[in-house]
Amino acid sequence: MTTRTLVLGTAGHIDHGKTALIRAMTGVDTDRLKEEKERGITTELGFTHLTLPSGTEIGIVDVPGHEKFVRHMVAGASGLDCVLLVVAADEGVMPQTVEHVQICRLLGVRKGLIAITKRDLVDEEMLELVRDDIGDLVKGTFLEDAPMYPVSSVTGEGIPELVEAIEAVTREIQSRETDQIFRLPIDRVFTMKGFGTVITGTLISGMLKVGDEIEILPSGKRCKVRGIQVHNQPAASSVAGQRTAVNLQGVEKREVQRGEVLIHPGTLTPTRRLDGHLTMLPTAEHPITHASTHRFHVGTSLHLAKIYLLDKENLGPSDEGFVQFVFEEPVIALPKDRFVIRGSGKIQTLGGGEILAIHPPRRKRNAKRSLETLKLLKDGTDREKVLFIVGDSGLKGATFSALMEQTNFTGKVLREILDEALKKRDIIRIDLNPPPYLHARLIDDLTGRIERVLTAFHEANPLKEGMEKEVLRSQIAPDTDKKFWDHLLAVIQEKGKFVVQQDTVRLKTHRQAVDPTFQKTIEAVERSLREGSTHPPTLKELSANLRQPPETLKTILAFLTKENKCVKLTEEIFMDAKAFEEIKRSTVEFLKKNGELTVQSFKELTGLSRKFAVPILERFDKERITIRIDQKRVLRG
């Protein structure tokens, strides 16, 4: 038996025979509640599956037709691949028929067919009138060319032909990609005796396996997948497009509710702000005004959203425009998701559209840059969107997982775009785990800023070899992580006119130069060290003797160290290079003859106090001349 990852949903007015038609096709009554059976109307979503003539099984969602339950209808229509519009032959098109078609259109459903139920109750003339009525309704919609099938759930007339037509439509529908962020919006929660908490929903992207750890958003509750059912049969996994029941381990029924979303931990973050493109229905009875509050449906969830119009004064019937939604409660959504807007007073469907960005900044009305951004996110190519998001991420860059969330692309598509952009040097990748991507334009700008800062630094500090990396970071990119900054410098020095040397950065053209005004001070420092020989003055003593600030002397001593005229023992002690070399020579001779050396024997050998003896011995260790073993030192090798 073949399994296609497809879900078909019903749509239509109350009491037009949707549930009876599904029962006639599948043998299953999707009305499971006592109230539904007593009243004869569907108030909750119903689920089953249909085995087509070829053996293919598809999921079926039966939605309520009553206007009071349109919220449930929207939840059921989210994730549908195909819709079966049901119109009763004895009544024709009714208000909920119209609204359901509009909702399916707004949610991006692209395929469907039409069943004219209760065929046994009307004659041919009435049937033709209903056909014309439906034709007028679906003109200009995705159902305009959909075939119409008169059927009777009582006599069975037309049912086989309808099932064959459903199979023909499903062949035209491409199965969904599994190489995306896993998301399963919850449309039902219940407890099953012996199993515990069970949720159901249509898996809209990605893949889920038994044993997976999952997170329930927006609550953040984590649990494990104990079991999975697809089409009422146990399964090891479920993939995008399948109606799925999940037995959750480690969570109570009261902790989960419809509208929440199952994800793999850390792959998606809730938001309280969304950018979108909103299209109003021709039938909208009142316009949407700036900063007004309306009902916002996405996936299986319902929220109250304050709608900020970004490029229009208001949105009336058939208008469209860019908007920003702001919510009091966290919302779970991704770019390309479809949404529906309904009135907050009189509950009527007003419009809907597509989400463009899930973590946008606050936007001002009619701001040129914001509108250019939104137009790119709506109509730009996949490559343009990725490069924009990388550039908009600034110096922190964008990781692969962040780009998956901000684009809602498949992993394959995103990898291809990034690989091409790397080859063309439009972006660079930093060697971290996970590796962030940065836009080349940003790197060029950063390189220029670094060169300007270094030029000014060298002019002010000609004796210094370079600028400390941390000082440079504090001036250029104070918000970046130190480890990230080190990797960033390593990458961009290939493009720039500067060199990174251990803890400093300098221009390639920089050569340490002695300022004539410094010459006398430098000579005085050299003379003091030379005269001090093996007992040199400390930095504090030098400062007092020469009447120079310690910072100036540190610069001079660093310069003399680089010129091999003195040796740094500690931050406070520098020794004349010749005196140090003489001590080194006598120490090596002593060790060759005696084999080992202690601090005391070294003091006796050199006549040095402990103040100088210990730093010199540690310097020998650092230069790999000696090695310390307990309290003694021996020659290396």
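Run residue 546 past the list (1) surrounded by 13 or more Cβ atoms within 10 Å (Cβ to Cβ); (2) within 59 Å of the chain's Cα centre (by Cα); (3) not β-branched (Val, Ile, Thr) and report the number of the one that doesn't hold.
Condition (2) is where residue 546 drops out.
Report, by residue number, each residue of segment 478-502 that is exposed (fewer than 11 other Cβ atoms within 10 Å of the Cβ) and of a type in the set (Lys, Arg).
482, 483, listed by residue number.
Of the residues in segment 590-637, how many are more than 27 Å from residue 539 (Cβ to Cβ) and among the aliphatic types (A, V, I, L, M)?
Qualifying residue count for the region: 6.
If a residue must be outside any loop (DSSP other than H, G, I, E, B), surrounded by 16 or more Cβ atoms within 10 Å (Cβ to Cβ) and among the hydrophobic types (A, V, I, L, M, F, W, C), how many such residues does segment 176-199 contain?
4
If you go through segment 290-312 one residue at a time, do you hit one that is of a type in the set (D, E, K, R), farther than 30 Å from residue 366 by Cβ and out of contact with any Lys or Arg (no Cβ under 6 Å at 6 or more places or on another chain)?
Among the residues of segment 290-312, not one is of a type in the set (D, E, K, R), farther than 30 Å from residue 366 by Cβ and out of contact with any Lys or Arg (no Cβ under 6 Å at 6 or more places or on another chain), which makes the answer no.
Looking at 269, 293, 279, which is the one that is in a loop (DSSP other than H, G, I, E, B) and either in contact with a helix residue (DSSP H, G or I) (Cβ under 8 Å, 6 or more places away or on another chain) or surrounded by fewer than 22 Cβ atoms within 10 Å (Cβ to Cβ) (or both)?
When all the criteria are applied, what remains is 269.
Within segment 336-363, which residues are free of Cβ contacts under 8 Å to residues at least 12 places away in the same chain and under 15 Å from residue 276 (Cα atoms)?
361
Under the condition of being of a type in the set (Lys, Arg) and surrounded by 14 or more Cβ atoms within 10 Å (Cβ to Cβ), which residue from segment 561-577 is nearest to residue 536 (Cα to Cα)?
Only one residue tops the list, namely 568.
Can you confirm whether residue 478 is touching a helix residue (DSSP H, G or I) at 6+ places or on another chain (Cβ under 7 Å) and of a type outside the set (D, E, K, R)?
For residue 478, the condition - touching a helix residue (DSSP H, G or I) at 6+ places or on another chain (Cβ under 7 Å) and of a type outside the set (D, E, K, R) - is not met.
Take segment 606-627 and flag every residue that is more than 60 Å from the chain's Cα centre (by Cα) and surrounded by fewer than 17 Cβ atoms within 10 Å (Cβ to Cβ).
Selection gives 607, 609.
Cβ-Cβ distance below 8 Å, separation of 6 or more or different chains: which pairs start in segment 185-213 with a residue that is aliphatic (A, V, I, L, M) and end on one that is surrounded by fewer than 17 Cβ atoms within 10 Å (Cβ to Cβ) and part of a loop (DSSP other than H, G, I, E, B)?
Every condition considered, the pairs that remain are 186/257; 189/257; 210/236.
Wholly within segment 536-637, which helices (runs of 4 or more DSSP H) include no fewer than the required count, namely at least 2 residues that are touching a residue at least 40 places away in the same chain (Cβ under 8 Å)?
Answer list for segment 536-637: 550-562, 577-594, 610-622.
Tell me whether segment 343-360 contains one or more residues that are closer than 14 Å to residue 106 by Cα and among the hydrophobic types (A, V, I, L, M, F, W, C).
Scanning segment 343-360 turns up at least one residue that is closer than 14 Å to residue 106 by Cα and among the hydrophobic types (A, V, I, L, M, F, W, C).
So which residues in segment 336-363 are in a loop (DSSP other than H, G, I, E, B), modelled with pLDDT under 95 and charged (D, E, K, R), if there are any at all?
336, 337, 346
Just checking, does segment 359-374 include any residue being β-branched (Val, Ile, Thr), under 21 Å from the mean Cα position of the chain (by Cα) and under 23 Å from residue 437 (Cβ atoms)?
Scanning segment 359-374, I find at least one residue that is β-branched (Val, Ile, Thr), under 21 Å from the mean Cα position of the chain (by Cα) and under 23 Å from residue 437 (Cβ atoms), so the answer is yes.
I'd like to know if segment 503-526 contains one or more residues that are crowded, with 17+ Cβ neighbours inside 10 Å, in contact with an Asp or Glu (Cβ under 6 Å, 6 or more places away or on another chain) and more than 16 Å from residue 455 (Cα to Cα).
Scanning segment 503-526, I find no residue that is crowded, with 17+ Cβ neighbours inside 10 Å, in contact with an Asp or Glu (Cβ under 6 Å, 6 or more places away or on another chain) and more than 16 Å from residue 455 (Cα to Cα), so the answer is no.
The values are calculated or read from the model by the stated rules, or taken from the named source; none is laboratory data. All values reported here derive from a predicted model rather than from experimental measurement. Here the Cβ is made from the backbone with ideal geometry for all residues, glycine too, and neighbour counts use every protein chain on show.
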